[in-house]
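Taken together, the values in this text are just the output of simple stated rules run on the coordinates, not laboratory data. Just so you know, these numbers come straight off a predicted model, no measurement behind them. With ideal geometry, Cβ positions are generated from the backbone for all residues, glycine too; neighbour counts draw on all protein chains shown.
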Amino acid sequence: MSFSILHTGHVEIRAVDLERARGFYVDVLGMVETEREPGRIYLRGIDDPFHHCLTLRKANSPGLGHYGLRVSSSGDLDALEELHKKKGILTRKIPAGHEKGQGEALRVEDPAGFPVEFYHDMDRADILVGKAAYRQGIEITRIDHVTNCTPETKKEFDYYTSALGFAFSSYRINDKGVIDRMFLRRKENTHDLGFQNQPGPRNRHFALWVKDWPSIIRACDTLTMSGLKDKIEYGPGRHTPFDFAVYLHDTEGNRVELYHDERMFIDPEYSVVQRAQANVGGQVSFPFWGMPAPESYIYDQLPVESIIDGSLKPSTPEIRGDSSLTESSLLPRM
Ligand SMILES: [Fe+2]
């Protein structure tokens with residue numbers, strides 16, 4: 001029973017108005033529409049060799065449909081199905097073509113209730129880097145990661161590292177001995193998945209990788225000039241001296257991060273356990289530099305769908321004023 005997960009490959013998000021959402025991601029941010037069908041629009045970045053990395057799906061409220069983890073071969077799906085059945089974890093086979101351009105897939109509900117899709121086959125698409133028409137200033141190249149909120153961080157840590165083979169770039173233990181945030185990777189950068197100890201299951205954001213940090217400045221300029229300045233929720237700022245990021249609300253209410261980080265994580269030993277600093281207090285801010293986060297960023301997270309019927313999963317209740325959250329971003333993403 002062997003398999004190998006490559007990286008976070010795509011996300012499906014809910015959009016109340018598909019054309020409005022397309023306008024945000026394609027007309028304003030410069031992503032590329034590969035294909036559409038009734039109820040779904042499939043987008044990719046300019047350095048994306050595959051059909052889609054972001055699916056906009058018609059729904060009556062925002063939220064996360066699922067996130068897709070690409071595996072190294074289609075045979076890996078059988079091994080993953082066996083693994084999850086042995087663990088008593090809910091699985092669902094998705095036939096080829098259910099999502100345009102995508103081959104057979106396996107969806108599971110991970111131990112904290114998040115909708116995960118494993119897939120290998122996806123139609124190839126033209127890589128657009130180097131084509132003048134796609135040099136618009138905001139160069140979104142591909143998807144990077146998904147960050148979620150759950151009170152079940154230990155369960156998630158064990159599942160993703162021991163069962164699925166993720167490395168951790170860092171995790172942090174708070175003064176109660178609980179993992180309060182963690183960054184897990186399969187590819188060679190900071191993370192494919194992040195988890196924060198907050199009520200859940202809820203999605204905190206998904207992140208699109210941009211070519212360089214000026215793309216983020218130009219995104220903010222373009223949003224402002226497009227009358228969408230209010231969609232810039234938090235940042236720009238730096239988590240570390242090596243990265244640059246901004247968090248946006250899209251037109252549908254989903255949160256998307258534009259992100260670039262210069263570091264490579266090429267040694268398996270690069271795994272850092274951090275200790276929460278006692279009584280740091282204060283507002284959540286970018287840990288290296290940046291403005292304090294608005295309350296919306298701290299507390300307002302997105303629901304996630306059931307893999308069975310697409311209903312939104314209930315979350316454990318939010319606790320406003322939780323002091324562990326007010327200092328939760330003060331340590332860098334190692
Ligand atoms: Fe998918």
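What the phi angles of the range 213-223 give under the Karplus curve with 6.51, -1.76 and 1.60, with θ = phi - 60°, is a coupling list of 5, x, 4, 6, 4, 5, 4, 5, 4, 5, 4 Hz, glycine and proline written as x.
Taking amide H atoms as placed 1.01 Å from N in the peptide plane, the amide H of VAL304 lies under 5 Å from those of LEU64, ASN203, LYS313, each 5 or more residues away in sequence or on another chain. Among the listed pairs LYS155/LYS176; LYS131/LYS211; LYS100/LYS231; LYS58/LYS231; LYS87/LYS155, a Cα-Cα separation exceeding 22 Å is found for LYS100/LYS231. Across the range 5-123, the relative contact order, built from alpha-carbon pairs under 8 Å that are at least six residues apart, equals 26 percent. Relative contact order for the chain: 18 percent, from Cα pairs under 8 Å spaced at least 6 residues apart, divided by residue count.
If the segment from GLU104 to ASP309 were pulled out straight at 0.36 nm per residue, it would be longer than the present Cα-Cα gap by 72.0 nm. Neighbours of LEU228 by Cβ distance under 13 Å: Lys/Arg scored +1, Asp/Glu scored -1, total -3.
Fully extending the segment from ASP27 to VAL273, taken as 0.36 nm per residue of separation minus the present Cα-Cα distance, adds 84.4 nm.
Two decimals is fine: what is log10 I(q)/I(0) at q = 0.12, 0.13 Å⁻¹ for the chain, from a Debye sum with one equal scatterer on every Cα and no solvent? Log10 I(q)/I(0), no solvent term: -0.81, -0.97.
The largest-to-smallest principal axis extents of the Cα set in the range 5-123 are 45, 30, 22 Å. Annotation: amide H-H contacts under 5 Å for ASP144 (H modelled 1.01 Å from N, sequence separation of 5 or more, or interchain): ALA207, LEU208, TRP209.
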